[in-house]
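First the structure, in the form of structure tokens, and then the observations on it.
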Amino acid sequence: MSGTDGPAGPEEDAPEKDAPEEAGPRWRVEVDRGVCIGSGLCVATAPGGFELDAARQSHPVRPECAASDDVLAAAEGCPVEAISVTDARTGEAVFPPEE
């Protein structure tokens, strides 16, 4: 029966319960259809994030989505850099990075 056993438990749990953004960061994803060549690499890299239309032009499945490594990898891997990703809350560029 240690006097520190009781208080240690809640203190250790507190950081997990106090997570400031349960939903996490949100991104706005856009594809420049004038630049897109329809390679399909984005769809292969992030199948839940992009799809090709009948004209083989890419577009995001949803214009705003949760931040995702797959979506970022698709933007970074686009052979013509047709995909831009911005922070939906701040408008800051995620990809391509501002120089």
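The values are calculated or read from the model by the stated rules, or taken from the named source; none is laboratory data. Just so it is clear, the structure is predicted and the values come from calculations on it, not from any experiment. Virtual Cβ from ideal backbone geometry, glycine too; neighbours counted across all protein chains shown.
Tabulated data
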quantity: Count - residues of the range 55-92 that are free of Cβ contacts under 8 Å to residues at least 24 places away in the same chain, in contact with an Asp or Glu (Cβ under 8 Å, 6 or more places away or on another chain) and not β-branched (Val, Ile, Thr); calculated: 1
quantity: Enumeration of residues in the range 32-67 that are touching a Lys or Arg at 6+ places or on another chain (Cβ under 6 Å) and either among the hydroxyl-bearing types (Ser, Thr, Tyr) or farther than 22 Å from Gly91 by Cα (or both); calculated: Gly38, Gln57
quantity: Pair list, Cβ under 7 Å, 6 or more apart: the range 21-42 residue hydroxyl-bearing (Ser, Thr, Tyr), other residue outside any helix (DSSP H, G or I) and exposed (fewer than 13 other Cβ atoms within 10 Å of the Cβ); calculated: Ser39/Pro79
quantity: Hits in the range 62-99 (condition: surrounded by fewer than 16 Cβ atoms within 10 Å (Cβ to Cβ) and closer than 11 Å to Val31 by Cα); calculated: Pro63, Val80, Glu81
quantity: Residues satisfying the stated conditions in the range 48-61, i.e. loosely packed, with under 13 Cβ neighbours inside 10 Å and closer than 23 Å to Gly24 by Cβ; calculated: Gly48
quantity: Gly24 being among the small types (Gly, Ala, Ser) and modelled with pLDDT under 95; calculated: yes
